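Peer 1: Below you will find the structure I want to go over with you.
The values are calculated or read from the model by the stated rules, or taken from the named source; none is laboratory data. Since this is a predicted model, take the numbers as computed values, not measurements. Using ideal geometry, Cβ is built from the backbone for each residue, glycine included, and neighbour counts are taken over all protein chains shown.
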Amino acid sequence: METVETWMSPVTRNPQLILVAHLQRSSMALLPLFFRGQPNMIPTNDLEPARPELSVELHQWSEVFKTSLDNENLKADRPRLVQLLEPLPLLVAFVFNQNSQFWGWGGLWLLLAAICLVLRRREGSSAAELSTLIPLFVLSLFLFVMSPASASRYVMPQILFGIVLTTKYLLRTPELLVHKT
């Protein structure tokens, strides 16, 4: 009972503070228009140059794709071919991380997936397709309540589902236009 009272004390005194804290920690999972996404991984203020206080990879916030190998033992034992090919995926990850506030915003990708599924439903797809969004919305709700930080890794299912579904829908649109004419 004492624990509940301890947690309820700040909620009753400053409910707006608690609400904003939850919004900040779950910003990567919240839908656009009403909420903002998480901060960008790399500083976006061009008037403030990169500085030594940032990490070696210029991180100021959570990335979409991790680009470092932290375990020194794993670094040493990599095959030569892996060492030669490593810069290519790291470059791709670096490009995506440049705009992590877009690519890592699970709420945005969830909204785009929902729009695609609603449009597909209007075209005659089954209502069961819409039920695929339920676990992703539950994830957003869970992260709003429990997220320790606004990090893209927590919403990777939303990101991947949204990117794949949106890309599939957009690539299918010219095909639909051809069939209608």
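Peer 1: Checking the condition at pLDDT below 85 and over 15 Å from R36 (Cβ atoms), which residue from F142, F94 passes? Spell out the reasoning first.
Peer 2: Working: F142 fails: at pLDDT below 85.
It is F94.
Peer 1: Additional query: Among the residues of segment 101-122, are any at pLDDT below 85, surrounded by 11 or more Cβ atoms within 10 Å (Cβ to Cβ) and part of a loop (DSSP other than H, G, I, E, B)?
Peer 2: No, because not a single residue in segment 101-122 is at pLDDT below 85, surrounded by 11 or more Cβ atoms within 10 Å (Cβ to Cβ) and part of a loop (DSSP other than H, G, I, E, B).
Peer 1: Follow-up. Please count how many residues of segment 86-100 are free of Cβ contacts under 8 Å to residues at least 40 places away in the same chain and not in a helix (DSSP H, G or I).
Peer 2: Step one: list which residues in segment 86-100 are free of Cβ contacts under 8 Å to residues at least 40 places away in the same chain, which gives 86-96.
Going one step further and asking which of them are not in a helix (DSSP H, G or I), we end up with 86.
Adding up the residues that qualify gives 1.
Peer 1: Given K66, K75, which one is under 28 Å from Y154 (Cβ atoms), in contact with a helix residue (DSSP H, G or I) (Cβ under 9 Å, 6 or more places away or on another chain) and modelled with pLDDT of 65 or more?
Peer 2: K66
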